[in-house]
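What follows is a single structure, written as structure tokens, with notes after it.
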Amino acid sequence: MSRIPLRRRLAAALISAGLLAAVAGCAATDAGASGDELVLGVVGNNKDEIQPYTATSSASADSLRQQLYDGLTAYDADGGVEMRLAESMTPNDALDVWTVKLREGVKLHDGSDFTSEDVVESVRFMLDPEHVYPAAAQIDFVDPDGVVAVDDTTVEFHLLRPAGTFAETWASRDLLMRGLDESGEVTGTGPFDLESFTPGQEARLVRFDDYWGEQPGFERLRIQFFQDQPAITNALRGGQIDVAYSVPFTDVPALEADPNLKTLVSESGSYLTMSMRVDQAPFDDPRVQEALKLVVDRQQIIDNAFGGYASLGNDFLGNNTDCPAPDVPQRAQDLERAKQLLAEAGQQDLQLDLVTDGVFPGMMETAQLYAQQAAGAGITVTVKKLDTATFLNGWGDWPFFIGYSGSPYVITAATHFLPDGVENATHFDDPAYTELALQMMGTVDHAEQCGMITRLQEIERDGGGNIVPAYPQSVVAYRAGVEGLHADLYGRTSIDYRGVTIEK
Amino acid sequence: MAVELLAAPAPSRSTRRARAVALAVAQGVGTLLVVSLLIFLVTQAMPGDVARVVLGTRATPETLATLREQLGLDRPIWEQYGTWLWGVLRGDFGTSLVNGMPVSELLAGRIRNSLTLSVVAMLIMLPISLLVGIVAAQRRDRAFDQGFLGTSIVVNATPEFVTGTVLIALLGTTVFHLLPPVSFIPPGDSPLAHPEAMVLPVLTLVVSGVMYLGRLVRIAFIDAMSSEYVQTARLKGLGTPRILARHALPNALGPVIPAASLVAAYTVGGVVVVEYLFAFPGIGAALVEAVNNRDLPVIQAIVLLIAATYYVLNLVADLLAGGEPQGR
């Protein structure tokens, strides 16, 4: 409770009460944050926690963790892998023992050194089933007892099976390293140290001056959590926040017209899919799959659902590696061929429900456009919007739904397409794909990996359950005084503050 | 006169009143119990549970089972309800299922924020309604009255969500940049320390409230002014201000005060919408999120709080109106 005297509180009540106009006049001057502080606005949730290994994943939790922790490796802005807390990663010939050499002189926020013991503790914590950490599935090849600290800066990973994509795997933003301070509290090595955190409301952070990497150009960071997107746009336009985590495509023209604001457009490895259960009728018929892909007018979806901020999708999960895209023809709308395929499959009067929770920009719009387009081939698509909990409750069972993919391909291949993948909601099970994917994951050579990824994408395009109409870009909007934000394939444009400065 | 009833001195009558109030309180507690049971059952019937929400698309049968066990969701529902109720009876509202924080800690600041918002809105709304209503009644069928009635019909037909959005565009983002369009109130601070953050949410509530309550005041005043005793007073040569203050006002307040209590209850409901719109950190915003998360202890605490407030305000309305609470 604040200790403001009653009289002052009454006075304040009076001000806020009667003198609306007077307050209005002076309020605008107080709208922005003070001096050397950057304010980020992001949709947040009470579910968020500060420790890095929580069951839930969200943009807000990610915004926070990006500041507090580092990974052993990380994806760079174009989808390649760079070393972070690790200095090198070296496998044995069989690829089942990896030796990780840690960067020297890395400090935790409590001032102690970040050592191999911290890595061992972090990895074992993630893998403990009691901690219900979903991302542990990404490192299921790691034997918790086989993670050994050899010396202060060397860790040996003895694996349950050979892994070629070891460095790529650790680049996942879910696999960050933490430390424990003397009282057992979680601490990190990241560029900012936490000052206060109230879930669903705000987090306040201060720059960590002993950070090992490139420093942010400002002292304080406040992350303001919002319940919904429109309020973020309002706060940005009203000068209350400096950076919006992302903005809906429909708001971009108005924001660009504002002389106080700038926008930065990035290619993005995150996008929606329209997905079908390929193990169930009618989607188990390849002719039906192809017909459903042929009815899409991709350009219309780009223009109307994404305001033009998107490129053509070709029904495979692409745009999420630094490997070249497969050299295959672009699928285009062909209603006659679709009708013919449906007739051959005996499905002339196809009626489908397309379910979505509509939480990502463009989802509802895409669903509705698709329903109109499919009608051209005599398919009746009914769009059903569900609340998130209801949608998740049927996750894995929905025959036809709007999904979302946001991971690099080496992870996606395992989670979305292997028969036991945790996010394989299309129930895709193609022996040729599985064999090649496992081979890719057992390969260290990047060029060789790329060749295989390209072939995997081709298999998906022709026989998979995902319709990928477009690869939308991500648009970040910010106040004109912010300098140094950089485009990022994995959506970190608004939360990576290395070298970023702010002037107010 | 309604107000005098409260202060009636006869002991037998006050005993009867006390008994009636006690009965009403008992009914209130019973009502809250039924409400809590209903919320519990409704939440159980909603598809999806908190484990699904937390684990998202990466849930596996194993992780779902582990998490449900850790959260106690695998126990029989009567046992879950019993545990919760036993806790509430001892003043413990449990912990949030999504982040493990005690519900009381999670909501304390938000309750204060929402309460402040409602009270400030009411404090502004009531005198303005009274003033506007009286002036409109005095100038019945003239320009001010016609304008007020027309506006009030439009505003009352407009959801608060729309009113608020228009105010944001007008004063915060598009036309003028006078006020912050979003209400940041740092955790631990009183909203009164951030008056600029209060203006738009309060204004939204006040605009809707005045347009409704002001009309009630107007009607009550028109009735009072055309009554025989006012005519008599007029014939006795009393001036208009004196008639308004001494004769019309007390009688017109009779129907208006209970209505104001109802408007207060309605404001508590309107706060949910307004908080969401302005990202105001109150219980309304927390309720929306708790429902989306299926976070039962938080839902229960907030709904019970709102239901209790409604009940109390209704009780007050009954007391003021008829002297004796009616069972609800």
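The values are calculated or read from the model by the stated rules, or taken from the named source; none is laboratory data. All values reported here derive from a predicted model rather than from experimental measurement. As a convention, Cβ positions derive from the backbone with ideal geometry for all residues, glycine included, and neighbour counts pool all protein chains shown. What goes into the accessible areas is simple: the full protein's heavy atoms, side chains included, and nothing from ligands, DNA or RNA. Shrake-Rupley method; radii C 1.70, N 1.55, O 1.52, S 1.80 Å.
Among the residues of the range A:181-224, just one is more than 14 Å from A:I50 (Cα to Cα), within 14 Å of chain B (Cβ to nearest Cβ) and in contact with a Ser or Thr (Cβ under 9 Å, 6 or more places away or on another chain), namely A:R220.
Put simply, of B:L319, B:L315 the only residue that is assigned to a helix (DSSP H, G or I), away from chain A (no Cβ under 14 Å), at pLDDT below 85 and over 16 Å from the mean Cα position of the chain (by Cα) is B:L319. Among the residues of the range A:248-281, the one identified as aromatic (F, W, Y) and either in a loop (DSSP other than H, G, I, E, B) or within 20 Å of A:I459 (Cα to Cα) (or both) is A:Y271.
For every residue, the table says whether it meets (1) buried (at least 19 other Cβ atoms within 10 Å of the Cβ); (2) within 22 Å of A:T388 (Cβ to Cβ); (3) under 32 Å from the mean Cα position of the chain (by Cα); (4) within 10 Å of another protein chain (Cβ to nearest Cβ).
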{"position": "B:V25", "(1), (2), (3), (4)": "no, no, yes, no"}
{"position": "B:A45", "(1), (2), (3), (4)": "no, yes, yes, no"}
{"position": "B:A59", "(1), (2), (3), (4)": "yes, yes, no, yes"}
{"position": "B:T63", "(1), (2), (3), (4)": "yes, yes, no, yes"}
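Only one of the listed residues (A:I402, A:I453) is under 17 Å from A:M274 (Cβ atoms) and in contact with a helix residue (DSSP H, G or I) (Cβ under 6 Å, 6 or more places away or on another chain). That residue is A:I402.
Restricting attention to the range B:278-319 and to residues that are among the polar types (S, T, N, Q) and open to solvent by 10 Å² or more (accessible area, probe 1.4 Å), the residue that is farthest from B:L253 (Cα to Cα) turns out to be B:N292.
In the list B:T31, B:T83, which residue meets the criterion of being open to solvent by 40 Å² or more (accessible area, probe 1.4 Å) and either assigned by TED's automatic domain parsing to the domain that holds B:I283 or touching a residue at least 60 places away in the same chain (Cβ under 8 Å) (or both)? Sole residue among the options that is open to solvent by 40 Å² or more (accessible area, probe 1.4 Å) and either assigned by TED's automatic domain parsing to the domain that holds B:I283 or touching a residue at least 60 places away in the same chain (Cβ under 8 Å) (or both): B:T31. In the range A:129-149, the residues that are under 21 Å from B:A65 (Cα atoms) form Cβ pairs under 8 Å with partners that are among the basic types (K, R) and open to solvent by 20 Å² or more (accessible area, probe 1.4 Å), at six or more places apart or across chains, as follows: A:P134/B:R58; A:A135/B:R58; A:A137/B:R58.
Conditions tested, residue by residue: (1) open to solvent by less than 10 Å² (accessible area, probe 1.4 Å); (2) closer than 18 Å to A:S63 by Cβ.
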| site | (1), (2) |
| --- | --- |
| A:F218 | yes, yes |
| A:I223 | yes, yes |
| A:P230 | no, no |
| A:A235 | yes, yes |
| A:G238 | no, no |
| A:V243 | yes, yes |
| A:S246 | no, yes |
| A:F249 | no, no |
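Residues in the range A:424-470 that are in contact (Cβ under 8 Å) with a residue 40 or more places away in the chain, assigned to a helix (DSSP H, G or I) and open to solvent by less than 10 Å² (accessible area, probe 1.4 Å): 6 in all. With the structure loaded, tell me whether A:T412 is of a type in the set (V, I, T), open to solvent by less than 20 Å² (accessible area, probe 1.4 Å) and touching a residue at least 24 places away in the same chain (Cβ under 8 Å) or whether it fails that test. It is true that A:T412 is of a type in the set (V, I, T), open to solvent by less than 20 Å² (accessible area, probe 1.4 Å) and touching a residue at least 24 places away in the same chain (Cβ under 8 Å). Taking B:F161, is it part of a helix (DSSP H, G or I), at pLDDT below 90 and open to solvent by 40 Å² or more (accessible area, probe 1.4 Å)? Judged against the criteria, B:F161 is a match.
Name the residue, out of B:I39, B:I111, that is assigned to a helix (DSSP H, G or I), under 26 Å from the mean Cα position of the chain (by Cα) and in the same structural domain as B:H194 (by TED's automatic domain parsing).
Selected residue: B:I111, the only one of B:I39, B:I111 that is assigned to a helix (DSSP H, G or I), under 26 Å from the mean Cα position of the chain (by Cα) and in the same structural domain as B:H194 (by TED's automatic domain parsing).
The residue of the range A:40-57 that is nearest to A:G481 (Cα to Cα), among those that are open to solvent by less than 30 Å² (accessible area, probe 1.4 Å) and more than 9 Å from chain B (Cβ to nearest Cβ), is A:L40.
Listed here are the residues, each with its yes/no results for (1) at pLDDT 95 or above; (2) touching a Lys or Arg at 6+ places or on another chain (Cβ under 7 Å); (3) crowded, with 20+ Cβ neighbours inside 10 Å; (4) farther than 24 Å from A:A413 by Cα.
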{"residue": "A:I302", "(1), (2), (3), (4)": "yes, no, yes, yes"}
{"residue": "A:T321", "(1), (2), (3), (4)": "no, no, yes, no"}
{"residue": "A:A338", "(1), (2), (3), (4)": "yes, no, yes, yes"}
{"residue": "A:A343", "(1), (2), (3), (4)": "yes, no, no, yes"}
{"residue": "A:Q351", "(1), (2), (3), (4)": "yes, no, no, yes"}
{"residue": "A:V359", "(1), (2), (3), (4)": "no, no, no, no"}
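Looking only at residues in the range A:203-216 that are in a strand (DSSP E or B) and without any contact (Cβ under 8 Å) to a residue 24 or more places away in the chain, the one that is surrounded by the fewest Cβ atoms within 10 Å (Cβ to Cβ) is A:V206. Output yes when any residue across the range B:69-89 is more than 28 Å from B:Y310 (Cβ to Cβ), within 14 Å of another protein chain (Cβ to nearest Cβ) and of a type in the set (S, T, N, Q), and no when none is. Yes, the range B:69-89 contains at least one residue that is more than 28 Å from B:Y310 (Cβ to Cβ), within 14 Å of another protein chain (Cβ to nearest Cβ) and of a type in the set (S, T, N, Q). When we screen B:A136, B:A65 for residues that are assigned by TED's automatic domain parsing to the domain that holds B:P297, out of contact with any Gly (no Cβ under 6 Å at 6 or more places or on another chain) and part of a helix (DSSP H, G or I), the only hit is B:A136. In the condition set (1) β-branched (V, I, T); (2) within 22 Å of the chain's Cα centre (by Cα); (3) surrounded by fewer than 16 Cβ atoms within 10 Å (Cβ to Cβ), A:V150 is compliant with all but (2).
Select from the range A:373-404 the residues that are of a type in the set (F, W, Y) and open to solvent by 30 Å² or more (accessible area, probe 1.4 Å) and list them in ascending order.
Across the range A:373-404, the qualifying residues are A:W395, A:W398, A:Y404.
Being small (G, A, S) and either part of a helix (DSSP H, G or I) or open to solvent by 20 Å² or more (accessible area, probe 1.4 Å) (or both) holds for only one residue in A:G200, A:G164, A:G184, and it is A:G184.
Inside the range B:166-213, can you point out the residues that are more than 7 Å from chain A (Cβ to nearest Cβ), open to solvent by 30 Å² or more (accessible area, probe 1.4 Å) and assigned to a loop (DSSP other than H, G, I, E, B)? The answer is B:T174, B:V175, B:F176, B:G188, B:H194.
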